[in-house]
Amino acid sequence: MPILLEIVTPERLAYSEEVDSVQCPGIEGELGVLPHHAPLLSTLGFGELRIRRGGHEESFAIAGGFLQVRPDKVVVMAETADMAAEIDLEAANTARREAERALSEGFEEPADLARARAALQRALLHIRVAERRHREGPRQRA
């Protein structure tokens, strides 16, 4: 019996489908959710959210937010959520190089340093998720 998963960002509803399981990055480790999971509210970190549905696996690169498990659905409220299949690896590598260059130049304002670090973290996450998907290809369970 599947459970409804909604992945929401400030800009859009990124995903809304029934799934068999969800695995996501909590701030203290990975969280796994199956149908009939106990109600839960947790803070999410940066990482890969993996969905199993009908023998297939899909991935998202997510950046922070919250996970809410309710009896009827799982809601992921993330700052960003990018489907692995839609990540442009070349663009992610360019963003990584630009963030590294910006960090090497130094900053007068702490906020600028924080933005550059966040950009690097997001680029590295996109690279990791996209490379894993490319390496493993679309996954199916037997």
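The values are calculated or read from the model by the stated rules, or taken from the named source; none is laboratory data. This is a predicted model, so every value here is computed, not measured. Don't worry about glycine lacking a Cβ; one is built from the backbone with ideal geometry, like all the others, and counts go over all protein chains shown.
For the range 8-43, how many residues meet the condition of being among the charged types (D, E, K, R) and either assigned to a strand (DSSP E or B) or surrounded by 12 or more Cβ atoms within 10 Å (Cβ to Cβ) (or both)?
Residues of the range 8-43 that are among the charged types (D, E, K, R), as a first pass: 11-12, 17-18, 20, 28, 30.
From the residues that got through so far, the ones that are either assigned to a strand (DSSP E or B) or surrounded by 12 or more Cβ atoms within 10 Å (Cβ to Cβ) (or both) too are 17-18, 20, 30.
Of the residues in the range 8-43, 4 are among the charged types (D, E, K, R) and either assigned to a strand (DSSP E or B) or surrounded by 12 or more Cβ atoms within 10 Å (Cβ to Cβ) (or both).
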> Out of the range 74-104, which residues are surrounded by 14 or more Cβ atoms within 10 Å (Cβ to Cβ), farther than 15 Å from L124 by Cβ and of a type in the set (A, V, I, L, M, F, W, C)?
Replying inline: V74, V75, V76, M77, A78, A81, M83
> If E58 passes every condition in (1) touching a Phe, Trp or Tyr at 6+ places or on another chain (Cβ under 9 Å); (2) buried (at least 18 other Cβ atoms within 10 Å of the Cβ); (3) more than 23 Å from D88 (Cβ to Cβ) but one, which one does it miss?
Replying inline: (3)
> Would you say G64 is modelled with pLDDT under 90, surrounded by 14 or more Cβ atoms within 10 Å (Cβ to Cβ) and not in a helix (DSSP H, G or I)?
Replying inline: yes
> So how many residues does the range 35-59 have that are within 13 Å of I7 (Cβ to Cβ) and in contact (Cβ under 8 Å) with a residue 60 or more places away in the chain?
Replying inline: 2
